[in-house]
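Peer 1: Input: one structure, supplied below.
The values are calculated or read from the model by the stated rules, or taken from the named source; none is laboratory data. Quick caveat, the model's predicted, so the values are computed rather than measured. Neighbour counts are summed over all protein chains in view; Cβ atoms, including those assigned to glycine, are modelled from backbone coordinates with ideal geometry. All accessible areas refer to the heavy atoms of the entire protein, side chains included, with ligands and DNA or RNA removed. Shrake-Rupley method; radii C 1.70, N 1.55, O 1.52, S 1.80 Å.
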Amino acid sequence: MKNFLIPTTLKADTICAVKSAINQAKKSDCEIVLMLSSETPDTFSSSQFLRQMRAGLTSGQQEVLEACRFIIQSASNCKIKVHNQFGLSSPIFKGIIDAFDIKLVILTHSYKQEPKRIHQYVTKLAGNQKCPILHLGVEQIKNDFNKALYIENATANMHVKDVQHFLNQNFSFEIVSQTRNFQNMEEFTPYLKEAISKYDIDLLVETRKGEKIKFKKTKPVNNNEGLGLPVLSLYEELA
């Protein structure tokens, strides 16, 4: 069974994330977990605490959720679950990954732009887990991925063969080209886009290391995501 975790606030691109999970599952049984995260209510009143925890969905969120459930009906091998999470820490998030046996975390563009700290925290916590992360872009993605461009981290002691071996075991696409991760991406973006077009690449693959969690006023920009393709991020100790 291949299970997926989609942290979400139920924006429209959650539907794309669910479709992507179904495609990645292929014909394997899977469970797609939509995780709705909220801060733990800050109150001494038990009744107020319960009222805040029972806060319902907006009409727009309900529509997105119903759309996701409708899509799942056409995938007999997949089921969907909504997990409401109040408060988070690194051990709790790891517990969620382990409890649901998550094999891939899918992060949408809208979720990473959420201003609330709890959602920013989820994104950072995901980056420190050994579970692969699929970063979806703004543009509509293909139904499936076939050809990948591996962007090599200059500080990583990893060979493209090791990455491809991991992909063969867990995914169904292959690396058809590779390049190193340039500091000045603006200068090399035209060359990368030429390679993407030449080899019909529909996915970027990168590696990452765990980092100390810090909150900054300006959100860090992932240069690879700027190329307009989904990015599969692999934890270096796992790949």
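Peer 1: Could you pull out the pairs from Lys27/Lys81; Lys2/Lys193; Lys112/Lys198; Lys81/Lys147; Lys11/Lys193 whose alpha carbons sit more than 21 Å apart here?
Peer 2: Lys2/Lys193; Lys112/Lys198; Lys81/Lys147; Lys11/Lys193
Peer 1: Give me the accessible area of Asp144, 1.4 Å probe, in Å² rounded to the nearest 10.
Peer 2: 50
Peer 1: Name the residues of segment 1-22 whose amide N is less than 16 Å from a point 7 angstrom out from the Cα of Asp101 along the C-beta direction?
Peer 2: Inside the label zone: 1-5.
Peer 1: Once label points are set 7 Å from the Cα along Cα→Cβ at both Phe188 and Asn153, what is their separation, rounded to one decimal in nm?
Peer 2: 1.6
Peer 1: Please work out how much length the chain gains when fully extended from Tyr199 to Lys79, using 0.36 nm per residue of separation minus the C-alpha to C-alpha distance, in nm with one decimal.
Peer 2: 39.7 nm
Peer 1: Under the classification rounded if a/c is under 1.5, otherwise prolate if a/b is larger than b/c and oblate if not, where does segment 57-98 fall, given a ≥ b ≥ c as square roots of the Cα gyration tensor eigenvalues?
Peer 2: It comes out oblate by the Cα gyration axes.
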